[in-house]
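Heads up: the structure comes next, in structure tokens.
Please treat every number below as a calculation from the coordinates, not as lab data. These figures come from a predicted structure and were not determined experimentally. Note: ideal-geometry Cβ built from the backbone for every residue, glycine included; neighbour counts use all protein chains shown.
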Amino acid sequence: MVEDLSSDAELIKHEVKKSGIEFVEQIVETREDYIQAIQNFNPDIILSDYSLPHFDGMQALLIRKEVAPSTPFILVTGTINEETAVEVMKAGADDYLIKEHISRLGEAIKTAIEKREIIRLKNIAEEKVKILLRAVEQNPVSIMITNIKGDIEYVNPKFTQLTGYRLEEVLGKNPRLLKSGKTTAEEYKRLWEAITSGSEWHGEFQNLKKNGEIYFESATISPITDEKGNITNFVAVKEDITEKKEIDKRVKLLAHSLESISDCVSITDNGNIILYVNEAFLQTYGYAERELIGKHISIVRPPDMEVEPTREILQETNKGGWRGELVNRKKDGSLFPILLSTSLIKDENENAIAFIGVAIDITERKKLLDDLVIAKEKAEENDRLKTAFLHNISHEIRTPMNAIVGFSEFLSEPGLPPEKQRHYVDIIIQSSNQLLSTITDIISISTIEAGQEKIHEKEVNLNAVCNLVNEQFLAKAQSQDVNLLCKTTLADNEASIITDEIKLNQILTNLIGNALKFTKQGRVDFGYAVKGDQLEFYVKDTGIGIPPEMHNEIFNCFRQVETTTTRQYSGSGLGLSISKAYIELLGGKIWLTSEPEKGSAFYFTIPFKPAISKSSADMQSALGLKIDQKKARTFLIAEDQDSNFMVLKELLSALNVNIIRALNGIEAIEICKNQPIDLILMDIKMPMMDGYEATKRIKEFLPNIPIIAQTAYTMNEEKERALQAGCDNYLTKPFKKADLLALVNQYGGEDTNLKIAK
Ligand code: ADP
């Protein structure tokens, strides 16, 4: 209260109290007190007298305007003229009162305070609107407001910035001026249906800028309603997503590229946790995506992979990249080699945020490399073997050649006694055979390696083949204190099978030859047994045996256990490779068991194909000979050994002859006395009566009967004695088919009509 008269002040207070307003007051008289009171007392209303001794109401009003503009101000005065009243009201007073009408004061105070409150609220509201407007104006997204017809009423500056259209250019226009034609009519329909029914619509537009450029925006359009719920406007809040779309497109392209790469791509975070793997990775490792994402990369490493290399890879990757070979593990636990390249993925501040690894399965590549290394080693080994073979072969050829050349020279010495002469001839023949067999082996292996070896099957009697081979080696076995035993399990008449006789013979010869070569004393057993549809042959010896590491090796060409130059055993190292090749050609396999110092057992199989019938035509071809047969003849074979008899019988079976057997000399004489015999094949060593004696006696009563002695290979005196006893000729055991047939042909004479031609 600005008042100098306390009576007036009391009057005013009384009047205010009367109107029911509760209050406290401060009364001031001077300008200074007034300003202080406004600031410190902070009144809700100022009641001021017009004229005071040192101050006046007009000044008080002006000060209030400065210091507390929102505080209501009422002028209460004794007298006031109309002019002054107008002036005071113009200067901002809320009301004025003449003290005479003081009863109106309560009402005036209430009105002034209410009016001020309304103004305050209005100011707040205006301030809010201003803020909102600024928010819309300065918004980084573009905002458009339309009326319910869709005519544009407002666009913010961002809209202008984006589209190039200023507010005044679009005011009252329809937003379709932005249409690019790429948004479908149905989409617009859906949009209108949504917003006119009061819902919000979200979607994307492909729109056109003022300059014709296309841009993408994501929009939310919603209706604005008044307090009654009627739609008055629509507001569209739109964001330019052109760049985002472009990035999305690139990210998609990148992801697609990673997926179509055939190498295994993986991305892991700083803690080695898998963030991404591509399709090739899943295929190669056998996992489903969910089994790998979020797992530690060690899931694909072998359980025992050391920490050290992992650390090294990480360090190198941090420096720029790592590339090397590793072993990885698939889901099924199998391990496989990979070639891995790793590198860092950095953010825009050059901080490492992830690792990318590209792995290639190099199983095939490694295998190829290994194969190449093996092939190279094999080629080198072959080279070494061939050199060794050449040394060997030169030894194998030189030894018999030396004997042949040397002893041929000795033969020409004058006055050489006949026994020595015969001995030298024997050595020369033996050496020639040895030479021939070496050369045959070399030719055989060349034919095999050239893939030219063929099989020629025919009907063959197994027992005869075995007996023939047995016969062939008997003398050699006896000479070196080895017991040679042949066991045939099929009866002779059931032992006819279809196979390649020459090859079977060769295989047995090679194996038994080896057995005898590598056995100083003891025994060599051989034979066969039927096992299902296979015939299983065996050749067992009690010789030097073969170390286990050589069991496979010895079947390779030129491989021999002994490799030193001071070799004890002769041989070219070809026998077993030839045998193996022949066995495989025949449809069988070969293997062995052996223990050094104890002996060896070689086994092989061939298919068991029993022969159904025997035809003479078959036999003809079997011998490779053409025989003229007119008349059946009868030959006597005096032979105590079954095997020898079997051999002869088999060899002669091609000729149309009857064969009668005598087990000893006495039986032979008996048979000759009782029936006509055309030819006798006489064994020398026989029980009861030997061949010499029997020949002598038979020649006494049948002087013209041809008798051919069978003598042991090495014993020259045997042959001599046989001729003296009256034999017409002799066959040396083991004899060759051709030799036997030649003699039979010769002593059968013209009248036997047995003509043999190759
Ligand atoms: P060769 O006998 O001509 O050397 P082979 O191919 O027949 O050639 O045999 C190869 C090697 O296998 C022989 O040199 C020998 O070291 C070993 N071998 C073969 N058979 C026997 C065996 N019965 N006992 C011991 N070693 C054998």
| task | Starting with the fewest neighbours, write out W201, W192 ranked by other beta-carbon atoms found within 10 Å of each beta-carbon. | result | W192, W201
| remark: For K609, the aspartates and glutamates lying under 18 Å Cα to Cα, once residues fewer than eight places off in the same chain are dropped, come out as E457, E459, D492, E494, D500, E501, D533, E536, E584, D618
| remark: Going from the fewest other Cβ atoms within 10 Å to the most, one would list I698, I671, I119 as I119, I671, I698
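What is the ratio of the Cα radius of gyration of the stretch 1-68 to 2.2 N^0.38 Å, where N is its residue count, to two decimals?
Working: Rg = 11.7 Å, N = 68, 2.2 N^0.38 = 10.9 Å.
Compactness ratio reported: 1.07.
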| note | Shape descriptor, the stretch 95-154: equivalent ellipsoid semi-axes (Cα gyration tensor, sqrt 5λ, whole Å, largest first) stand at 46, 13, 7
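Would you compute, from DSSP H runs of 4+ residues alone, the mean residue ellipticity of the chain at 222 nm, taking -39500 (n - 2.57) per run and dividing by the full residue count, rounded to the nearest 500? Provide the component values of the computation, followed by the final result.
Working: 23 runs with 332 residues, N = 758.
Result for the chain, helices only: -14000 deg cm²/dmol.
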| query | Hey, if you put +1 on the Cβ of every Lys and Arg and -1 on every Asp and Glu Cβ in the chain, which of L47, P417, I195 ends up farthest toward the positive end of that dipole? | reply | P417
| Which of the peptides 15-21, 687-693 is most tightly packed, and how do the rest follow, judged by the mean count of other Cβ atoms within 10 Å per residue? | 687-693, 15-21
| What is the distance in Å between the Cα centres of the stretch 407-432 and the stretch 263-328? | 84
| query | When ranked by the protection proxy of mean other Cβ atoms within 10 Å per residue, highest first, what sequence do the peptides 172-179, 456-463 form? | reply | 456-463, 172-179
| query | If Lys and Arg each add +1 and Asp and Glu each add -1, what is the summed charge of the other residues whose beta carbon sits under 13 Å from the beta carbon of F604? | reply | +3
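I need the Kirkwood Rh of the stretch 144-299: take the reciprocal of the average 1/r across all distinct C-alpha pairs and report it in angstrom. Each step should come with its number before you reach the end.
Numbers: mean 1/r = 0.0523 Å⁻¹.
By the Kirkwood definition, the hydrodynamic radius is 19.1 Å.
Mind checking the alpha-carbon convex hull of the chain and giving the volume per residue in Å³? Don't skip to the end; give the middle numbers.
Working: hull volume 280.5 nm³, N = 758.
In the chain, the Cα convex hull volume per residue is 370 Å³.
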| request: Rounded to the nearest Å, what's the spacing between the alpha carbon centres of the stretch 644-671 and the stretch 135-197? Just the number, please. | output: 125
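Cα-Cα pairs above 16 Å in the stretch 503-589: how many percent? If you can, show how the numbers build up before the last one.
Values: 2200 of 3741 pairs.
Taking all Cα-Cα pairs of the stretch 503-589, the fraction more than 16 Å apart is 59 percent.
Please report the net charge: other residues with Cβ closer than 14 Å to the Cβ of K90, K and R +1, D and E -1. Before the final figure, lay out each step's value.
Details: positive: K65; negative: E82, E83, E87, D94, D95.
Here the charged neighbours net out to -4.
Got a sec? How would C672, C557 order by Cβ neighbour count within 10 Å, fewest to most?
Working: C672 22, C557 19.
In order of increasing Cβ crowding within 10 Å: C557, C672.
Against the empirical 2.2 N^0.38 Å scaling, what ratio does the C-alpha Rg of the stretch 1-148 come to?
Working: Rg = 19.8 Å, N = 148, 2.2 N^0.38 = 14.7 Å.
Ratio of Rg to 2.2 N^0.38 Å for the stretch 1-148: 1.34.
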| When the C-alpha atoms of the stretch 444-519 are aligned to their principal axes, what extent does each axis show, in angstrom, from largest down? | 40, 35, 15
| Computed from the mean reciprocal separation of all distinct C-alpha pairs, what Kirkwood hydrodynamic radius does the stretch 317-474 have, in Å? | 23.8
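Which semi-axes, in whole Å and largest first, does the equivalent ellipsoid of the stretch 399-509 have when worked out from the alpha carbon gyration tensor as the square roots of 5 times its eigenvalues?
On the way: eigenvalues 242, 92, 24 Å².
Working from the Cα gyration tensor, I get semi-axes of 35, 21, 11 Å.
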| note | In this structure, among K249/K331; K252/K346; K13/K90; K209/K238; K173/K245; K487/K517, pairs with alpha-carbon gaps over 25 Å are K249/K331; K13/K90; K173/K245
| note | Check: C-alpha center the stretch 520-542 vs C-alpha center the stretch 676-748, spacing in Å is 33
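Roughly how many debye, to the nearest 20, is the charge dipole of the chain about its Cα centre, given +1 on each Lys and Arg Cβ, -1 on each Asp and Glu Cβ, and no other charges? Intermediate results must be reported in sequence, preceding the final value.
On the way: 90 positive and 114 negative charges, 783 e Å.
The dipole magnitude comes to about 3760 debye.
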| remark: Here the alpha-carbon Rg of the stretch 493-551 over 2.2 N^0.38 Å rounds to 1.32
| Size of the dipole of the stretch 208-342 about the Cα centre, Lys and Arg at +1 and Asp and Glu at -1 on the beta carbon, nothing else charged, in debye to 20? | 180
| task | Using the charge dipole of the chain (Lys, Arg: +1 at Cβ; Asp, Glu: -1 at Cβ; taken about the Cα centre), state which of L702, I27, S341 has its Cα farthest towards the positive end. | result | L702
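Determine the dipole magnitude for the stretch 157-217: charges of +1 sit on the beta-carbon of Lys and Arg, -1 on that of Asp and Glu, nothing else is charged, the reference point is the Cα centre, and the result goes in debye to the nearest 20.
Around 240 debye, computed over the stretch 157-217.
Under a Cβ-Cβ cut-off of 13 Å, what is the net charge of the residues other than E700 that fall near it, where Lys and Arg count +1 and Asp and Glu count -1?
Numbers: positive: K673, K696, R697, K699; negative: E693.
Result for the local shell: +3.
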| remark: So the pair-distance distribution of the stretch 361-440, from every Cα-Cα distance in 10 Å bins, comes to percents of 16, 26, 18, 13, 11, 8, 5, 2, 0
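By average Cβ neighbour count within 10 Å, what is the ranking of 375-383, 57-65 from highest down?
Values: 375-383: 10.8, 57-65: 19.0.
My ranking of the peptides, most packed first, is 57-65, 375-383.
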| Rounded to whole Hz, the Karplus (6.51, -1.76, 1.60) HN-Hα couplings of the stretch 144-158, x for glycine and proline | 9, 10, 10, 7, 5, 7, x, 7, 5, 10, 7, 9, 8, x, 4
| said: Looking only at the chain, where both bridge partners belong to it, what percent of the DSSP beta bridges are antiparallel (to the nearest 5)? | reply: 70
| message | Using each residue's phi in the stretch 386-394, evaluate 6.51 cos²θ - 1.76 cosθ + 1.60 at θ = phi - 60° and report the 3J(HN,Hα) Karplus result to the nearest Hz, with x for Gly and Pro. | response | 5, 4, 4, 4, 4, 4, 4, 5, 5
